[in-house]
Amino acid sequence: MKIREIKRIFIFSLLLLLSSDHNSAPLAQPMPGTFADIVDKEKPLVVNIYTTQIIKRQKAQDSYQEFFERFYGAPQKDIKKRSLGSGFIISSDGFILTNLHVINRATEIKVRLADSREFDAKLIGKDEKIDVALIKIDAPAGLPAAILGNSDAIRVGDWVIAIGNPFGLAHTVTAGIVSAKDRMIGAGPYDDFIQTDASINPGNSGGPLFNINGEVIGINTAIFAAGQGIGFAIPINMVSEILQELKEKGRVTRGWFGISVQALTPELIAALNLNVTEGALITDVDKGSPADKAGIRRGDVIIEFEGKKITDITFLPRMVARMEVGKKINLKIARNSEIREVTAVIEKMGR
(Lines give C-alpha, C1' and ligand atoms only; values in the text may rest on other atoms or scores of the structure.)
Protein backbone atom coordinates (compact mmCIF):
# COMPACT_ATOMS: atom_id res chain seq x y z
CA MET A 1 0.00 0.00 0.00
CA LYS A 2 1.35 3.39 -1.00
CA ILE A 3 2.12 6.06 1.60
CA ARG A 4 -0.36 8.43 -0.05
CA GLU A 5 -3.20 5.90 0.35
CA ILE A 6 -2.26 5.27 3.98
CA LYS A 7 -2.43 9.01 4.67
CA ARG A 8 -5.82 9.27 2.96
CA ILE A 9 -7.24 6.41 5.08
CA PHE A 10 -5.82 7.97 8.25
CA ILE A 11 -7.33 11.37 7.50
CA PHE A 12 -10.72 9.84 6.65
CA SER A 13 -10.75 7.83 9.88
CA LEU A 14 -9.84 10.91 11.90
CA LEU A 15 -12.61 12.98 10.31
CA LEU A 16 -15.12 10.19 10.97
CA LEU A 17 -14.11 10.04 14.61
CA LEU A 18 -14.37 13.81 15.04
CA SER A 19 -17.76 13.85 13.32
CA SER A 20 -19.03 11.12 15.64
CA ASP A 21 -17.86 12.99 18.73
CA HIS A 22 -19.47 16.21 17.51
CA ASN A 23 -22.88 14.69 16.80
CA SER A 24 -23.22 12.56 19.92
CA ALA A 25 -24.15 14.49 23.08
CA PRO A 26 -21.93 13.69 26.07
CA LEU A 27 -23.52 12.24 29.17
CA ALA A 28 -24.30 15.10 31.57
CA GLN A 29 -24.15 12.86 34.63
CA PRO A 30 -21.98 9.75 34.23
CA MET A 31 -22.74 7.00 36.69
CA PRO A 32 -20.69 7.72 39.83
CA GLY A 33 -18.54 5.01 41.35
CA THR A 34 -19.80 6.00 44.79
CA PHE A 35 -22.02 8.56 46.50
CA ALA A 36 -19.93 8.44 49.67
CA ASP A 37 -18.21 11.81 49.21
CA ILE A 38 -21.55 13.58 48.70
CA VAL A 39 -23.09 11.80 51.70
CA ASP A 40 -20.14 12.64 53.97
CA LYS A 41 -20.47 16.30 53.04
CA GLU A 42 -24.27 16.64 53.20
CA LYS A 43 -25.24 14.27 56.01
CA PRO A 44 -24.45 16.78 58.83
CA LEU A 45 -27.06 19.25 57.58
CA VAL A 46 -29.90 16.68 57.63
CA VAL A 47 -31.87 16.54 60.90
CA ASN A 48 -34.35 14.16 62.48
CA ILE A 49 -37.57 15.73 63.75
CA TYR A 50 -39.69 14.31 66.57
CA THR A 51 -43.02 15.89 67.50
CA THR A 52 -45.63 15.50 70.19
CA GLN A 53 -49.27 16.39 69.76
CA ILE A 54 -51.74 16.50 72.66
CA ILE A 55 -55.14 15.14 71.66
CA LYS A 56 -57.76 16.37 74.11
CA ARG A 57 -60.19 13.80 75.48
CA GLN A 58 -63.61 14.54 74.08
CA LYS A 59 -66.72 14.42 76.21
CA ALA A 60 -69.47 11.98 75.35
CA GLN A 61 -71.28 13.14 72.22
CA ASP A 62 -74.54 11.29 72.86
CA SER A 63 -76.41 9.31 75.52
CA TYR A 64 -75.27 5.98 74.05
CA GLN A 65 -71.56 6.89 74.46
CA GLU A 66 -72.27 8.40 77.89
CA PHE A 67 -73.90 5.14 79.03
CA PHE A 68 -70.84 3.04 78.13
CA GLU A 69 -68.40 5.55 79.62
CA ARG A 70 -70.37 5.56 82.88
CA PHE A 71 -70.24 1.76 83.27
CA TYR A 72 -66.96 0.88 81.58
CA GLY A 73 -65.03 4.02 82.28
CA ALA A 74 -63.82 6.77 79.98
CA PRO A 75 -60.25 7.77 79.20
CA GLN A 76 -59.16 10.04 82.03
CA LYS A 77 -56.18 11.68 80.33
CA ASP A 78 -55.42 13.46 77.14
CA ILE A 79 -53.61 11.33 74.57
CA LYS A 80 -50.07 12.11 73.47
CA LYS A 81 -49.50 11.37 69.80
CA ARG A 82 -45.89 11.18 68.65
CA SER A 83 -44.58 11.31 65.09
CA LEU A 84 -41.29 11.61 63.29
CA GLY A 85 -39.92 13.15 60.14
CA SER A 86 -36.91 14.81 58.60
CA GLY A 87 -35.64 18.26 57.75
CA PHE A 88 -32.51 20.10 56.67
CA ILE A 89 -30.60 23.15 57.89
CA ILE A 90 -30.60 26.09 55.47
CA SER A 91 -28.64 28.63 57.52
CA SER A 92 -25.83 28.51 60.07
CA ASP A 93 -28.06 30.22 62.68
CA GLY A 94 -30.51 27.31 62.82
CA PHE A 95 -33.30 27.77 60.27
CA ILE A 96 -34.64 24.41 59.08
CA LEU A 97 -37.00 23.44 56.27
CA THR A 98 -39.42 20.52 56.52
CA ASN A 99 -42.94 19.51 55.51
CA LEU A 100 -45.84 21.16 57.31
CA HIS A 101 -47.53 17.81 57.85
CA VAL A 102 -44.48 16.69 59.87
CA ILE A 103 -44.95 19.37 62.56
CA ASN A 104 -48.55 20.53 62.06
CA ARG A 105 -50.48 21.03 65.32
CA ALA A 106 -47.48 19.78 67.32
CA THR A 107 -47.22 21.01 70.89
CA GLU A 108 -43.55 20.05 71.06
CA ILE A 109 -40.94 19.88 68.29
CA LYS A 110 -37.56 18.26 68.89
CA VAL A 111 -34.68 18.35 66.42
CA ARG A 112 -31.77 15.92 66.57
CA LEU A 113 -28.63 16.74 64.64
CA ALA A 114 -26.30 14.25 62.98
CA ASP A 115 -23.90 14.56 65.94
CA SER A 116 -26.77 13.51 68.30
CA ARG A 117 -27.24 16.96 69.84
CA GLU A 118 -30.91 17.67 70.47
CA PHE A 119 -32.74 21.01 70.51
CA ASP A 120 -36.25 22.35 70.94
CA ALA A 121 -37.57 24.00 67.79
CA LYS A 122 -40.20 26.64 67.22
CA LEU A 123 -42.39 27.20 64.20
CA ILE A 124 -41.45 30.34 62.25
CA GLY A 125 -43.63 30.09 59.16
CA LYS A 126 -45.84 27.70 57.23
CA ASP A 127 -47.56 27.36 53.90
CA GLU A 128 -50.47 24.92 53.72
CA LYS A 129 -50.75 25.24 49.95
CA ILE A 130 -47.47 23.46 49.23
CA ASP A 131 -46.99 21.66 52.59
CA VAL A 132 -43.84 23.51 53.72
CA ALA A 133 -42.79 24.68 57.19
CA LEU A 134 -39.86 26.75 58.42
CA ILE A 135 -38.69 26.01 61.96
CA LYS A 136 -35.74 27.27 64.00
CA ILE A 137 -33.45 25.97 66.71
CA ASP A 138 -31.26 28.05 69.02
CA ALA A 139 -27.95 26.31 68.49
CA PRO A 140 -24.35 27.52 68.61
CA ALA A 141 -23.27 29.38 65.49
CA GLY A 142 -21.55 27.59 62.68
CA LEU A 143 -24.11 24.93 61.79
CA PRO A 144 -23.68 23.38 58.34
CA ALA A 145 -26.17 24.74 55.82
CA ALA A 146 -27.60 23.33 52.61
CA ILE A 147 -26.99 24.87 49.21
CA LEU A 148 -30.32 25.27 47.45
CA GLY A 149 -30.00 24.26 43.81
CA ASN A 150 -32.09 24.97 40.73
CA SER A 151 -34.88 22.40 40.44
CA ASP A 152 -35.86 23.75 37.02
CA ALA A 153 -32.47 22.64 35.67
CA ILE A 154 -32.79 18.96 36.58
CA ARG A 155 -33.69 16.49 33.86
CA VAL A 156 -35.51 13.18 33.85
CA GLY A 157 -32.81 10.58 34.30
CA ASP A 158 -30.53 12.71 36.52
CA TRP A 159 -29.11 11.08 39.64
CA VAL A 160 -30.61 12.10 43.00
CA ILE A 161 -29.90 11.18 46.63
CA ALA A 162 -32.36 11.21 49.56
CA ILE A 163 -31.28 11.38 53.21
CA GLY A 164 -33.82 11.13 56.00
CA ASN A 165 -35.31 9.38 59.00
CA PRO A 166 -37.52 6.56 57.63
CA PHE A 167 -39.20 4.53 60.39
CA GLY A 168 -36.89 6.22 62.89
CA LEU A 169 -33.75 4.87 61.18
CA ALA A 170 -31.73 8.07 61.42
CA HIS A 171 -29.79 9.41 58.44
CA THR A 172 -30.70 6.66 56.02
CA VAL A 173 -29.31 7.27 52.53
CA THR A 174 -31.00 6.13 49.32
CA ALA A 175 -30.25 6.96 45.69
CA GLY A 176 -32.03 6.82 42.36
CA ILE A 177 -32.94 8.99 39.41
CA VAL A 178 -35.50 11.66 38.56
CA SER A 179 -38.33 9.57 37.13
CA ALA A 180 -40.55 12.47 36.01
CA LYS A 181 -41.19 16.18 36.51
CA ASP A 182 -44.32 18.34 36.87
CA ARG A 183 -46.30 15.49 38.43
CA MET A 184 -49.85 16.18 39.65
CA ILE A 185 -50.96 13.85 42.44
CA GLY A 186 -54.08 15.62 43.72
CA ALA A 187 -52.32 17.37 46.60
CA GLY A 188 -53.73 20.82 45.78
CA PRO A 189 -53.89 23.62 43.21
CA TYR A 190 -50.10 23.96 43.10
CA ASP A 191 -49.22 20.33 42.34
CA ASP A 192 -45.82 20.29 40.70
CA PHE A 193 -43.82 17.37 42.06
CA ILE A 194 -40.52 15.77 41.14
CA GLN A 195 -41.00 12.01 40.90
CA THR A 196 -38.07 9.82 41.93
CA ASP A 197 -37.32 6.15 42.40
CA ALA A 198 -34.93 6.87 45.30
CA SER A 199 -36.54 4.97 48.20
CA ILE A 200 -38.77 7.25 50.31
CA ASN A 201 -40.69 5.89 53.31
CA PRO A 202 -42.65 7.24 56.31
CA GLY A 203 -40.22 9.42 58.23
CA ASN A 204 -38.45 10.66 55.08
CA SER A 205 -41.01 13.47 54.82
CA GLY A 206 -39.36 16.87 55.00
CA GLY A 207 -35.91 15.57 54.15
CA PRO A 208 -33.77 16.82 51.27
CA LEU A 209 -33.43 15.43 47.77
CA PHE A 210 -29.92 16.20 46.50
CA ASN A 211 -28.56 16.35 42.99
CA ILE A 212 -25.18 14.87 42.08
CA ASN A 213 -23.49 18.16 43.06
CA GLY A 214 -24.83 18.00 46.62
CA GLU A 215 -27.39 20.77 46.09
CA VAL A 216 -30.93 20.43 47.44
CA ILE A 217 -33.35 20.30 44.52
CA GLY A 218 -36.44 19.06 46.38
CA ILE A 219 -38.16 18.29 49.69
CA ASN A 220 -39.26 14.65 49.95
CA THR A 221 -42.97 14.77 50.65
CA ALA A 222 -45.18 11.91 49.52
CA ILE A 223 -45.28 8.29 48.42
CA PHE A 224 -47.77 5.96 46.76
CA ALA A 225 -48.61 3.50 49.49
CA ALA A 226 -49.31 0.71 46.99
CA GLY A 227 -46.30 1.44 44.80
CA GLN A 228 -42.59 0.75 44.97
CA GLY A 229 -39.95 3.16 43.76
CA ILE A 230 -42.47 5.99 43.39
CA GLY A 231 -41.79 8.99 45.59
CA PHE A 232 -42.49 12.70 45.21
CA ALA A 233 -40.60 15.82 46.19
CA ILE A 234 -41.55 19.51 46.19
CA PRO A 235 -39.25 21.39 43.77
CA ILE A 236 -36.93 23.62 45.78
CA ASN A 237 -37.50 26.58 43.43
CA MET A 238 -41.12 26.67 44.57
CA VAL A 239 -39.92 26.92 48.17
CA SER A 240 -37.18 29.46 47.48
CA GLU A 241 -39.80 31.87 46.11
CA ILE A 242 -41.59 32.05 49.46
CA LEU A 243 -38.70 31.53 51.90
CA GLN A 244 -38.09 35.19 52.73
CA GLU A 245 -41.80 35.77 53.28
CA LEU A 246 -41.97 32.79 55.65
CA LYS A 247 -39.08 34.24 57.66
CA GLU A 248 -40.46 37.75 57.84
CA LYS A 249 -44.23 37.21 58.03
CA GLY A 250 -44.71 33.56 58.95
CA ARG A 251 -47.13 33.06 56.08
CA VAL A 252 -47.41 33.53 52.34
CA THR A 253 -49.52 36.12 50.51
CA ARG A 254 -50.72 34.89 47.13
CA GLY A 255 -52.47 36.57 44.26
CA TRP A 256 -56.13 35.87 43.47
CA PHE A 257 -57.95 36.18 40.17
CA GLY A 258 -61.22 34.38 40.89
CA ILE A 259 -61.75 31.84 38.12
CA SER A 260 -62.10 28.09 37.63
CA VAL A 261 -60.70 26.57 34.44
CA GLN A 262 -60.52 23.33 32.50
CA ALA A 263 -58.53 22.09 29.52
CA LEU A 264 -59.78 22.54 25.98
CA THR A 265 -60.91 19.52 23.97
CA PRO A 266 -61.75 19.30 20.25
CA GLU A 267 -65.41 18.90 21.16
CA LEU A 268 -65.40 22.08 23.27
CA ILE A 269 -63.57 24.02 20.57
CA ALA A 270 -66.23 23.05 18.02
CA ALA A 271 -69.15 23.69 20.38
CA LEU A 272 -67.89 27.16 21.38
CA ASN A 273 -66.92 28.12 17.82
CA LEU A 274 -63.36 28.93 18.85
CA ASN A 275 -60.50 29.68 16.50
CA VAL A 276 -57.83 28.60 19.03
CA THR A 277 -56.54 25.16 19.97
CA GLU A 278 -54.74 25.97 23.24
CA GLY A 279 -55.73 27.83 26.36
CA ALA A 280 -57.66 27.60 29.61
CA LEU A 281 -61.44 27.41 29.32
CA ILE A 282 -63.14 29.41 32.09
CA THR A 283 -65.88 27.34 33.72
CA ASP A 284 -66.74 29.75 36.54
CA VAL A 285 -66.06 33.34 37.59
CA ASP A 286 -66.34 34.39 41.25
CA LYS A 287 -68.68 37.31 41.74
CA GLY A 288 -66.79 40.48 42.62
CA SER A 289 -63.43 38.92 41.73
CA PRO A 290 -60.73 40.63 39.65
CA ALA A 291 -61.81 38.52 36.67
CA ASP A 292 -65.45 39.56 37.16
CA LYS A 293 -64.48 43.24 37.41
CA ALA A 294 -62.47 42.90 34.19
CA GLY A 295 -65.53 41.63 32.32
CA ILE A 296 -64.34 38.06 31.89
CA ARG A 297 -67.16 35.54 31.47
CA ARG A 298 -67.77 31.87 31.76
CA GLY A 299 -66.94 30.27 28.40
CA ASP A 300 -64.04 32.63 27.64
CA VAL A 301 -60.66 31.05 26.95
CA ILE A 302 -57.46 32.55 28.33
CA ILE A 303 -54.83 32.09 25.64
CA GLU A 304 -52.15 34.40 27.08
CA PHE A 305 -51.36 35.58 30.61
CA GLU A 306 -48.80 38.38 30.95
CA GLY A 307 -47.41 37.55 27.53
CA LYS A 308 -47.08 33.82 28.20
CA LYS A 309 -49.11 31.40 26.13
CA ILE A 310 -51.25 28.98 28.13
CA THR A 311 -50.29 25.56 26.81
CA ASP A 312 -50.91 23.73 30.11
CA ILE A 313 -53.69 24.88 32.44
CA THR A 314 -51.91 23.45 35.50
CA PHE A 315 -49.42 26.32 35.33
CA LEU A 316 -52.08 29.07 35.39
CA PRO A 317 -52.93 28.90 39.14
CA ARG A 318 -49.21 29.04 39.96
CA MET A 319 -48.70 32.03 37.67
CA VAL A 320 -51.57 33.89 39.31
CA ALA A 321 -50.38 32.99 42.82
CA ARG A 322 -46.93 34.43 42.13
CA MET A 323 -48.34 37.79 41.04
CA GLU A 324 -47.90 40.71 43.42
CA VAL A 325 -51.13 41.92 45.01
CA GLY A 326 -52.25 45.12 43.25
CA LYS A 327 -50.37 44.33 40.04
CA LYS A 328 -52.14 45.17 36.78
CA ILE A 329 -51.99 42.20 34.43
CA ASN A 330 -52.65 41.78 30.71
CA LEU A 331 -54.51 38.83 29.22
CA LYS A 332 -55.61 37.68 25.81
CA ILE A 333 -58.90 35.82 25.71
CA ALA A 334 -60.90 34.14 23.01
CA ARG A 335 -64.64 34.71 23.03
CA ASN A 336 -66.56 33.01 20.26
CA SER A 337 -64.45 33.77 17.18
CA GLU A 338 -62.86 36.96 18.54
CA ILE A 339 -59.54 37.57 20.30
CA ARG A 340 -59.73 40.28 22.97
CA GLU A 341 -57.15 41.97 25.18
CA VAL A 342 -58.15 42.44 28.82
CA THR A 343 -56.51 44.08 31.84
CA ALA A 344 -57.22 43.19 35.45
CA VAL A 345 -55.80 43.92 38.90
CA ILE A 346 -54.63 41.01 41.07
CA GLU A 347 -56.11 40.90 44.57
CA LYS A 348 -55.08 39.06 47.74
CA MET A 349 -56.14 35.44 48.13
CA GLY A 350 -58.32 34.69 51.14
CA ARG A 351 -59.56 38.20 51.77
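Some values worked out for this structure:
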{"quantity": "Those trypsin sites (Lys or Arg not before Pro) in the stretch 152-225 that DSSP places in a loop and that have at most 12 other beta carbons within 10 Å", "calculated": "Arg155"}
{"quantity": "Extension gain from Phe167 to Ala153, taking 0.36 nm per residue of separation minus the Cα-Cα distance", "calculated": "1.9 nm"}
{"quantity": "Where GluC sites (Glu not before Pro) fall in DSSP loop in the stretch 231-301, at most 16 other Cβ within 10 Å", "calculated": "Glu278"}
{"quantity": "Average accessible area per residue (Å²) across the stretch 182-268 - probe 1.4 Å, nucleic acids and ligands excluded", "calculated": "42 Å²"}
{"quantity": "Sequence-distant aspartates and glutamates (8 or more away, or on other chains) whose Cα lies within less than 17 Å of Lys247", "calculated": "Asp93, Asp127, Glu128, Asp131, Asp138"}
{"quantity": "Euclidean distance of C-alpha centroids, the stretch 92-145 and the stretch 309-351, integer Å", "calculated": "36 Å"}
{"quantity": "Mean Cβ neighbour count within 10 Å, used as a protection proxy, ranking 167-173, 123-129, 205-211 highest first", "calculated": "205-211, 123-129, 167-173"}
{"quantity": "Local net charge near Ile242, Cβ-Cβ under 11 Å (Lys/Arg +1, Asp/Glu -1)", "calculated": "+3"}
{"quantity": "Positive minus negative residues near Asp192 (Lys, Arg vs Asp, Glu; Cβ under 14 Å)", "calculated": "-2"}
{"quantity": "Which listed pairs, of Lys249/Lys348; Lys249/Lys287; Lys136/Lys249; Lys129/Lys181, have C-alpha distances above 22 Å, in listed order", "calculated": "Lys249/Lys287"}
{"quantity": "Cα shape, the stretch 98-172, gyration tensor, a/c 1.5 rule", "calculated": "prolate"}
{"quantity": "Net +/- balance of residues flanking Thr311 in space, Cβ distance below 11 Å, scoring K and R +1, D and E -1", "calculated": "-1"}
{"quantity": "Carbon + sulfur, % of accessible area of the stretch 89-171 - ligands and nucleic acids excluded, 1.4 Å", "calculated": "50 percent"}
{"quantity": "Translational D in µm²/s for the stretch 175-273 (Stokes-Einstein at 20 °C, 1.002 mPa s, Kirkwood Rh from C-alpha pairs)", "calculated": "135 µm²/s"}
{"quantity": "Label-point gap, in nm, between Ala36 and Arg251 - each point 7 angstrom along Cα→Cβ", "calculated": "5.0 nm"}
{"quantity": "Cα gyration tensor shape of the stretch 274-321, rounded if a/c is under 1.5, else prolate or oblate by comparing a/b with b/c", "calculated": "oblate"}
{"quantity": "Val342 - accessible surface, heavy atoms, 1.4 Å probe, Å² rounded to 10", "calculated": "20 Å²"}
{"quantity": "Sequence of Ile137, Ile185 when ordered by accessible area, the most exposed leading, probe 1.4 angstrom", "calculated": "Ile185, Ile137"}
{"quantity": "For the stretch 317-328, 3J(HN,Hα) per residue [Karplus equation, 6.51 cos²θ - 1.76 cosθ + 1.60, θ = phi - 60°, Hz, x = Gly/Pro]", "calculated": "x, 5, 5, 5, 4, 7, 5, 6, 4, x, 6, 7"}
{"quantity": "Accessible heavy-atom area order of Arg322, Arg105, Arg254, highest first, probe of 1.4 Å", "calculated": "Arg105, Arg322, Arg254"}
{"quantity": "Rounded, prolate or oblate (a/c below 1.5 giving rounded, otherwise prolate when a/b exceeds b/c) for the stretch 217-351 by Cα gyration tensor", "calculated": "oblate"}
{"quantity": "Pair Ile339, Asp292: separation of 7 Å Cα→Cβ label points (nm)", "calculated": "3.0 nm"}
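The values are calculated or read from the model by the stated rules, or taken from the named source; none is laboratory data. Source: prediction; values computed, not measured. Neighbour counts run over all protein chains shown; Cβ positions are idealised from the backbone, glycine included. Note: areas computed on protein heavy atoms with side chains; ligands, DNA, RNA excluded. Shrake-Rupley method; radii C 1.70, N 1.55, O 1.52, S 1.80 Å.
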